[in-house]
Amino acid sequence: MNDGSPLAPETMPDIVQPETATGPALQDVAIARLEDLQEKERIVVDIDGKEVGVYFLNGEVRAWVNMCPHQGGPVCQGKIMPRTLQLVREGMKSGGLGFSETERHIVCPWHGMEFDILTGRHPSNQEVRLRGVPVRVVDGEVVVSV
Amino acid sequence: MTDPITRPSIRNLEPIHSRSDTRDVLSHATKQAAKSYDDYFIVDIDAHVSEDQFWSEVLELVDNDVWRQIGQDQNRGFGGNNALLNITPGLSQQSVGGRIGHQGRREPVEGVEGHPFVISARRGMDALGLDYQVVFPSAMLLLGMHPQDEVEVALARAFNRWMTEVTLPQDDRLKGMIYLPYNTPEACEEMVERFGADDNIIGFTVCSTRNNAIHSDVYMKLYAMIEETGKPLAFHSGYHWGDPSFAQLNRFLSMHALSFTHYNQIHVTNWLINAMPERFPKLKMVWVESGLAWIPFLMQRLDHEVLLRPSEAPGLKRLPSEYMKEMFYTTQPMERTNMKLLQATMESFNSETQLLYSSDWPHWDWDAPSTITELPFLSEQAKRNILGLNAARVFNLDTTRKKPAAAQVLQDRPGVS
Ligand code: FES
């Protein structure tokens with residue numbers, strides 16, 4: 001699980017800082033049953049104006065602020081797609097494009113930036129990333145701290 | 001003892017898709033407006049809404065009986081909303097496999113009075129915090145490459161009528177620029193005569209994706225007529241994968257990145273080297289949708305060559321970059337991965353007076369007004385100029401506030417996202 005610790009400043013200049021980055025002490029909020037999240041893969045919620053996307057992948061749970069580092073779009077409300085790979089065959093020849101069978105991406109619906117569900121990082125620039133929200137599972141409930 | 005787990009009321013936010021209400025899709029932009037630019041006067045010089053779903057209405061207005069019949073027949077059959085157009089659907093990969101779903105959106109408009117195009121446009125303007133928006137047909141951006149000149153003319157006449165008779169009169173905040181069927185100069189002159197005085201028409205557009213030399217003598221009368229109206233002439237760039245050079249590029253990304261700067265570079269070069277600014281000094285030229293990075297590049301290239309070969313550009317009284325500083329440029333898609341380069345770029349052509357904000361909404365690489373307000377090196381006045389005051393001057397627009405308060409827009413949206 002991510003610990004929600006502050007991330008280094010992004011390299012993109014037009015970041016809109018999420019409202020959860022500052023403010024009063026964090027509040028634990030149960031947002032769904034784990035099996036519900038497992039079935040849906042992603043649940044996006046608004047908790048008193050704080051928007052959080054919670055994800056389940058490969059037995060792990062992650063929560064990200066619903067704010068894209070590009071132009072502040074609702075990154076968690078877009079599609080979820082497998083990572084696209086450039087395949088290489090013998091002799092360094094191109095094997096064409098293919099989908100990853102393990103890695104899945106959060107796709108921002110505003111302009112298509114992609115972020116790994118588990119790391120929150122952009123595939124081409126690791127410094128461009130989503131802001132984490134502390135999340136844990138307590139008695140079968142998915143609990144975020146916002 | 002662990003902290004108690006609270007259960008406040010939680011609102012689920014739905015995934016955004018092509019049927020989502022524009023105000024929900026853009027609610028984060030409305031929040032940005034509420035926070036930092038609600039009191040700005042903002043003009044969006046280039047947006048597209050989604051007129052493809054109303055293409056049958058445009059086809060109905062084609063004045064030539066034969067082309068109207070062919071268009072309507074195609075529209076009912078395999079051509080659909082691309083009837084008579086030279087768009088290649090299989091090569092239109094803007095949505096990145098459906099990842100970005102704005103273009104061609106069909107949002108719910110049931111029960112709301114007015115033309116669905118206008119309802120959709122108004123929602124976009126409100127959500128982005130715009131006072132005015134200039135709308136331009138996406139479907140016709142490639143029409144300059146259509147092999148049948150008469151089809152370009154027929155569609156230009158029909159679209160300009162649809163715009164001036166059907167959509168623009170329904171909302172004072174919507175403005176248009178006349179599509180000029182540039183492969184047929186006489187028809188362009190007819191358009192200027194017919195639509196040039198319309199109050200909702202604030203300029204004229206040539207789609208840059210074409211192979212016409214813009215310094216050709218066949219256009220001199222047209223330029224004189226446009227100069228006389230006092231309204232600007234815009235060149236709207238685009239792409240064309242069929243161009244032999246671009247046929248080497250194997251990804252939409254590569255072709256798109258290069259072609260949108262390519263066509264306007266060619267046209268600016270011809271315009272300058274043939275000293276057109278000396279012949280039409282009052283004609284306001286606007287270069288649309290090529291971003292900004294190409295501008296200092298072309299300034300330096302042309303200055304360098306003109307200094308060495310003045311005999312090939314004998315009409316120029318100044319260096320090309322000096323003329324380029326008097327032209328106007330739209331912002332989108334603004335390159336901003338390197339702030340130092342962007343700052344130098346903006347300084348190179350006096351962006352404070354020459355740059356005009358454009359969103360390109362709802363195309364995949366659209367820019368929100370926050371792309372300007374968030375820039376760390378611009379003064380408050382420069383931001384206001386770029387976002388609207390420069391456009392008010394160039395297009396002669398009233399700067400009285402037209403838009404609703406951002407807080408009101410947030411309150412009124414359907415609220416599902
Ligand atoms: S705001 Fe997310 S990709 Fe632009």
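Quick check on this structure: which one of B:Glu347, B:Glu322, B:Glu335 is part of a loop (DSSP other than H, G, I, E, B) and within 21 Å of B:Gln265 (Cα to Cα)? It would help to see each step written out before you state the result.
Working: B:Glu347 fails: part of a loop (DSSP other than H, G, I, E, B); B:Glu322 fails: part of a loop (DSSP other than H, G, I, E, B).
Matching residue, one of B:Glu347, B:Glu322, B:Glu335: B:Glu335.
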Sort out which residues of segment B:6-34 are within 16 Å of the ligand (Cβ to nearest atom) and within 19 Å of B:Arg401 (Cα to Cα), and write them in order of number.
-> B:Ala29, B:Thr30, B:Lys31, B:Gln32, B:Ala33
Among B:Ala405, B:Ala344, B:Ala391, which is the only one that is more than 14 Å from chain A (Cβ to nearest Cβ) and crowded, with 21+ Cβ neighbours inside 10 Å?
-> B:Ala391
Could you tell me whether A:Ile47 is surrounded by 20 or more Cβ atoms within 10 Å (Cβ to Cβ), within 10 Å of chain B (Cβ to nearest Cβ) and more than 16 Å from the ligand (Cβ to nearest atom)?
-> no
Keeping to segment B:200-254, report how many residues are more than 25 Å from B:Ser95 (Cα to Cα), among the acidic types (Asp, Glu) and crowded, with 16+ Cβ neighbours inside 10 Å.
-> 1
Please indicate, with yes or no, whether at least one residue in segment B:144-164 is farther than 22 Å from B:Ser208 by Cα, surrounded by fewer than 20 Cβ atoms within 10 Å (Cβ to Cβ) and free of Cβ contacts under 8 Å to residues at least 60 places away in the same chain.
-> yes
Test B:Met220 against the stated conditions and say whether it is within 23 Å of the chain's Cα centre (by Cα) and modelled with pLDDT of 95 or more.
-> no
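Can we say A:Gly72 is under 26 Å from B:Asp21 (Cβ atoms), away from the ligand (no atom under 16 Å from the Cβ) and facing chain B (nearest Cβ under 10 Å)?
Working: under 26 Å from B:Asp21 (Cβ atoms): yes; away from the ligand (no atom under 16 Å from the Cβ): no; facing chain B (nearest Cβ under 10 Å): yes.
Considered against the rule, which asks whether it is under 26 Å from B:Asp21 (Cβ atoms), away from the ligand (no atom under 16 Å from the Cβ) and facing chain B (nearest Cβ under 10 Å), A:Gly72 comes out as no.
Quick one: which residue in B:Asp73, B:Asp38 is more than 13 Å from chain A (Cβ to nearest Cβ) and farther than 30 Å from A:Val45 by Cβ? Let's see the steps before the verdict.
On the way: B:Asp38 fails: farther than 30 Å from A:Val45 by Cβ.
Being more than 13 Å from chain A (Cβ to nearest Cβ) and farther than 30 Å from A:Val45 by Cβ holds for just one of B:Asp73, B:Asp38, which is B:Asp73.
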On the given criteria, is A:Val65 at pLDDT 95 or above and either within 16 Å of the ligand (Cβ to nearest atom) or touching a Phe, Trp or Tyr at 6+ places or on another chain (Cβ under 7 Å) (or both)?
-> yes
Residue ranges of strands (runs of 3 or more DSSP E) in segment A:82-146 with at least 2 members within 16 Å of the ligand (Cβ to nearest atom) and touching a residue at least 24 places away in the same chain (Cβ under 8 Å) = A:93-107, A:114-116
Give, as residue ranges, the strands (runs of 3 or more DSSP E) completely inside segment A:12-61 that count at least 2 residues that are touching a helix residue (DSSP H, G or I) at 6+ places or on another chain (Cβ under 8 Å), at pLDDT below 90 and farther than 30 Å from B:Asn338 by Cα.
-> none
Kindly establish whether B:Val112 is closer than 20 Å to B:Leu26 by Cβ and free of Cβ contacts under 8 Å to residues at least 12 places away in the same chain.
-> yes
All conditions in (1) among the polar types (S, T, N, Q); (2) closer than 14 Å to B:Ala47 by Cα; (3) surrounded by fewer than 24 Cβ atoms within 10 Å (Cβ to Cβ) are true of B:Gln133 except (3)
Exception for B:Leu141 within (1) at pLDDT 95 or above; (2) over 30 Å from B:Gln408 (Cα atoms); (3) of a type in the set (A, V, I, L, M, F, W, C) falls at (1)
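When you go through B:Ser120, B:Ser95 one by one, which is the residue that is among the hydroxyl-bearing types (Ser, Thr, Tyr) and surrounded by 19 or more Cβ atoms within 10 Å (Cβ to Cβ)?
Details: B:Ser95 fails: surrounded by 19 or more Cβ atoms within 10 Å (Cβ to Cβ).
Criteria check complete, one pass: B:Ser120.
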Which of the residues spanning segment B:283-295 are touching a residue at least 40 places away in the same chain (Cβ under 8 Å) and closer than 11 Å to B:Gln265 by Cα?
-> B:Trp287, B:Ser290, B:Ile295
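Which count do you get for residues in segment B:356-410 that are part of a helix (DSSP H, G or I), basic (Lys, Arg) and in contact (Cβ under 8 Å) with a residue 12 or more places away in the chain? Lay out the reasoning, then the answer.
Of the residues in segment B:356-410, the ones part of a helix (DSSP H, G or I) are B:370-373, B:380-395, B:406-410.
Add one more test, that the residue is basic (Lys, Arg), and what stays is B:383-384, B:393.
Those left that are additionally in contact (Cβ under 8 Å) with a residue 12 or more places away in the chain: B:383-384.
Going through segment B:356-410 one residue at a time, the tally reaches 2.
The values are calculated or read from the model by the stated rules, or taken from the named source; none is laboratory data. Keep in mind that what you see is a predicted model, and the values were worked out from it rather than measured. Note: ideal-geometry Cβ built from the backbone for every residue, glycine included; neighbour counts use all protein chains shown.
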